[in-house]
Amino acid sequence: MSDQSPCNLHPDLELDRVRLIGKIIKDARNGARLEHNSKAGDTGWSSSCREFSWAWQRLLGAAGTKGYEWLSTIDSSIHYVGAIGSVPFRFYRGDSKKPKNKFIEEKFSQRQQFNLDLGAVPAHQDLIFLFAAETDATGVTERVIFAAVQPNGHVVSSIDATSDAPIPAIAPIHLPEESGVELGAAKVSGKRKKQKKTANGDTH
């Protein structure tokens, strides 16, 4: 798996767009988490439902608004499918390295939307794009990973969509070779014989 800028997979996947989606999902989930009230009857299940619903509804509300003109909705139901430009995506809670089968099943609406995109990069038309909310032991969403996944579940590329860190370079950096410095021949001298001193201090 390699980390690379999403726009290298498809031009519509601009890094700022991906990070905005990641922020919506993370903020919504953690906001919903604060509403957890075990005394009132909340369980892990009810909290998970609320966290999904908040993220789902915020994505629906953001689509097409100012600053989010590139975000649209393909499926507004509980099986939410959004699109960044012409690229469909889904989101879920779980390990980004091992997406569950139900999250990578292709829907007709996703494939139809992608096929309508005449500017798609042919090498990546079969990829499925997912946002995975990864949580700590308490259920707080620590980060949201944006991953490109093949239909067989193999993750070919991923980045932390909630990090401001620069994206690593795709290709290795080749440093120019330094020109060698030509040195003159080393001077070699014979072994000097040790001189003995006489009683009066002279040497011979």
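Taking segment 46-104 as the region of interest, the strands (runs of 3 or more DSSP E) fully inside it that hold 2 or more residues being without any contact (Cβ under 8 Å) to a residue 24 or more places away in the chain are 71-75. Just one residue in the set Ile167, Ile159, Ile145 is modelled with pLDDT under 60, within 15 Å of the chain's Cα centre (by Cα), open to solvent by less than 50 Å² (accessible area, probe 1.4 Å) and not aromatic (Phe, Trp, Tyr); that residue is Ile167. Does segment 80-91 contain at least one residue that is open to solvent by 50 Å² or more (accessible area, probe 1.4 Å) and out of contact with any Pro (no Cβ under 8 Å at 6 or more places or on another chain)? No: zero hits. Against the list (1) of a type in the set (A, V, I, L, M); (2) closer than 28 Å to Asn152 by Cβ; (3) open to solvent by 50 Å² or more (accessible area, probe 1.4 Å), the condition Leu34 fails is (2).
Of all the criteria given as (1) in contact with a Ser or Thr (Cβ under 6 Å, 6 or more places away or on another chain); (2) more than 14 Å from Val144 (Cβ to Cβ); (3) surrounded by 18 or more Cβ atoms within 10 Å (Cβ to Cβ); (4) not hydroxyl-bearing (Ser, Thr, Tyr), the one not satisfied by Arg50 is (1).
The residues of segment 122-134 that are at pLDDT 90 or above and open to solvent by 10 Å² or more (accessible area, probe 1.4 Å) amount to a single one, Glu134.
Please find, within segment 92-116, the residue that is modelled with the highest pLDDT out of those that are open to solvent by less than 30 Å² (accessible area, probe 1.4 Å) and not hydroxyl-bearing (Ser, Thr, Tyr). Step by step, filter segment 92-116, then rank; the result is Gly94.
The values are calculated or read from the model by the stated rules, or taken from the named source; none is laboratory data. Being a predicted model, the structure only gives us computed values, none of them experimental. In this analysis, Cβ positions are derived from the backbone assuming ideal geometry, glycine residues included, and neighbour counts consider all displayed protein chains. Surface areas here come from the heavy atoms of the whole protein model, side chains and all, with no ligands, DNA or RNA. Shrake-Rupley method; radii C 1.70, N 1.55, O 1.52, S 1.80 Å.
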